[in-house]
């Protein structure tokens, strides 16, 4: 089966050649039709940058794809004309962003903002039909009285409502791929669950493959069937969601799970990872996680571990993963709330 | 927009105008020279001057003089020109259209060019185009109108003899005064447009528009410029006020028959009623323009409502 999106060895750099900083360094993962992939990592791990760069949404300069490929249904976006990528963006790939409060144009009615997503990809439909379709989409994402609300402006809506509008825009053209970049991070906890439901429904209706970017393991565990764990611009571990969460093979994944709070955990049960994720300007030698890794050896500081297959459906970038995989568990993972 | 806001703004505007009229009145009083003597002429006897003083009520108290002046002004009576003997209101009415026409034309040209320049500069920030436009705008805004006007006359009217240096007889005579007047505003409008666009283009909703697959032109105009319009409109409105008032030098340089030249002539002739009248009209127009700019916000930005 041709993956919906297949990212191979993607490297995104900022700045002039020679003095460039690598925000994304050799990232490889793919998502199959209908599947939900969760991308986890701390802020600055390159999880959003990977996808924004893949779809040509990073300002260039300073950002550029310096290596690798991004195949959308078999066509390489990284080598495609910007105009062609634009025709895919918004039509075959829908985006949901983190900041519902600022991701809508304040001086355009929400009906028009949804309709615009349709009009720019279909010259013949006309605004009137597109607006009617926008109203349908609004009721699809659970907005009451869409006819009336379509004529209102973003500032008249709450964050949750605005995120529903953003979702309506994302699914306006029945995309093949839905990219949700921290869709619930800026929202109240009570609204988070609703928005996740709306995304799930939208996904079911459109049959789109979904990439869910989040730093929240709980959200990922709820939604994703596969997981990619990123750190400092690299993929540390990837595999089936349940396997990875229950039996992490990379020390970073294990540490992430240990510091995720659950409903049962008390403060003493939460173990934050010591230190901070490195800045792009001071990337450690060798494995980028080694300064914070409790299992580190001398080799970790000198050589970058290869990102390699372990078993049939697992990839890990750790020098000692073979031993870990044979010797059992890195930690006893706390239960992740599903 | 609620009616109370409008009432509030109109009251504010009236108070401003009252303040201006007090200021203008006192300023004219403070000027050296005796209006009665100016009107009577150099040969007049002491009795004649005294009679004129009485006619003009200059012998009354300052406050009483002011209330008379204000009452007359409110009924459209700005007094009589000391020089020509015509009503000041009629003199201003005859010259005002030329000033307003020139200012409106200049602001139109300045808006068109300024917004265009600003957009191009914002499209490629820190590029050669951006720097050239910056250099141009700094140059244009640093040149005083009278100097630029004279320069243009020397080049186009004297050297090449392609455009008239003065008057307003043919359409070609509009070109140099308009260019002179527009130069400063072009620069300001371009700078404000550039800054506003760069600010707007960093916003998340611009990324949303791109994520929809909107063309760069659409992103730039429909989402960028539409949002950048607020500060740009503000500057245009304030500049129009400036152009009406600031046209004085330009009108003098190009012998433009507007109220700016009327003012200068009145100052030279110590024609106090005309000076008062013209300044009052300037103030009224600027207050009115500010009001219009404020009210236009509600149309431009749905988040603003009064």
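The values are calculated or read from the model by the stated rules, or taken from the named source; none is laboratory data. Here the structure is a predicted model, which means the values were calculated and not measured. Here the Cβ is made from the backbone with ideal geometry for all residues, glycine too, and neighbour counts use every protein chain on show.
Residues of region A:2-17 that are farther than 27 Å from residue A:209 by Cβ and in contact (Cβ under 8 Å) with a residue 60 or more places away in the chain: A:14 alone. Of the candidates B:213, B:224, the single residue that is over 24 Å from residue B:85 (Cβ atoms), without any contact (Cβ under 8 Å) to a residue 12 or more places away in the chain and over 22 Å from the mean Cα position of the chain (by Cα) is B:213. Would you call residue B:82 in contact (Cβ under 8 Å) with a residue 60 or more places away in the chain, under 29 Å from residue B:253 (Cβ atoms) and not in a helix (DSSP H, G or I)? It is true that residue B:82 is in contact (Cβ under 8 Å) with a residue 60 or more places away in the chain, under 29 Å from residue B:253 (Cβ atoms) and not in a helix (DSSP H, G or I). Going through B:143, B:197 one at a time, which residue ends up being assigned by TED's automatic domain parsing to the domain that holds residue B:244 and either closer than 17 Å to residue B:242 by Cβ or surrounded by fewer than 21 Cβ atoms within 10 Å (Cβ to Cβ) (or both)? Every option except B:143 fails the conditions.
Looking at B:243, B:263, can you tell me which residue is free of Cβ contacts under 8 Å to residues at least 60 places away in the same chain and more than 14 Å from chain A (Cβ to nearest Cβ)?
On the way: B:243 fails: free of Cβ contacts under 8 Å to residues at least 60 places away in the same chain.
Step by step, each of B:243, B:263 is checked, and only B:263 is free of Cβ contacts under 8 Å to residues at least 60 places away in the same chain and more than 14 Å from chain A (Cβ to nearest Cβ).
Can you go through B:38, B:46 and tell me which one is over 20 Å from residue B:284 (Cβ atoms) and surrounded by 14 or more Cβ atoms within 10 Å (Cβ to Cβ)?
Just a single option satisfies the conditions, and that option is B:38.
If you go through region A:184-205 and keep only what is free of Cβ contacts under 8 Å to residues at least 40 places away in the same chain and either touching a strand residue (DSSP E or B) at 6+ places or on another chain (Cβ under 7 Å) or more than 20 Å from residue A:225 (Cα to Cα) (or both), you end up with A:188, A:189, A:190, A:191. Scan region A:132-151 residue by residue and report those that are without any contact (Cβ under 8 Å) to a residue 12 or more places away in the chain and in a loop (DSSP other than H, G, I, E, B). Result: A:144, A:145.
Within region A:69-92, if we keep just the residues that are at the interface with chain B (Cβ under 8 Å from one of its Cβ atoms) and crowded, with 19+ Cβ neighbours inside 10 Å, the residue that is farthest from residue A:138 (Cα to Cα) turns out to be A:86.
Scanning region B:35-59 for residues that are without any contact (Cβ under 8 Å) to a residue 12 or more places away in the chain and under 35 Å from the mean Cα position of the chain (by Cα) gives B:41, B:55, B:57. Residues that are under 11 Å from the mean Cα position of the chain (by Cα) and farther than 12 Å from residue B:240 by Cβ within region B:285-306 comprise just one, B:287. If you filter region A:171-187 down to residues that are farther than 19 Å from residue A:49 by Cβ and within 14 Å of chain B (Cβ to nearest Cβ), you find that the one that is surrounded by the most Cβ atoms within 10 Å (Cβ to Cβ) is A:172. The requirement of being farther than 23 Å from residue B:225 by Cβ, crowded, with 24+ Cβ neighbours inside 10 Å, facing chain B (nearest Cβ under 10 Å) and at pLDDT 90 or above is fulfilled nowhere in region A:117-129; no residue meets it. Every condition in (1) touching a residue at least 24 places away in the same chain (Cβ under 8 Å); (2) within 11 Å of chain B (Cβ to nearest Cβ) holds for residue A:63 except the one numbered (2). Just to be sure before I move on: is residue A:48 within 18 Å of the chain's Cα centre (by Cα) and in contact (Cβ under 8 Å) with a residue 40 or more places away in the chain in the structure I sent? It is true that residue A:48 is within 18 Å of the chain's Cα centre (by Cα) and in contact (Cβ under 8 Å) with a residue 40 or more places away in the chain.
Tell me, please, whether a residue that is more than 9 Å from chain B (Cβ to nearest Cβ), buried (at least 20 other Cβ atoms within 10 Å of the Cβ) and under 25 Å from residue A:191 (Cβ atoms) can be found in region A:103-111.
yes
Restricting the search to helices (runs of 4 or more DSSP H) fully inside region B:191-306 and requiring at least 1 residues that are touching a strand residue (DSSP E or B) at 6+ places or on another chain (Cβ under 7 Å) gives B:204-211, B:272-300.
Checking A:55, A:77 one by one, the residue that is in contact with a strand residue (DSSP E or B) (Cβ under 8 Å, 6 or more places away or on another chain) and touching a residue at least 60 places away in the same chain (Cβ under 8 Å) is A:55 and no other. Quick check on region B:266-306: of everything there that is in contact (Cβ under 8 Å) with a residue 12 or more places away in the chain and within 14 Å of another protein chain (Cβ to nearest Cβ), which residue is farthest from residue B:165 (Cα to Cα)? Across region B:266-306, the extreme among qualifying residues is B:305.
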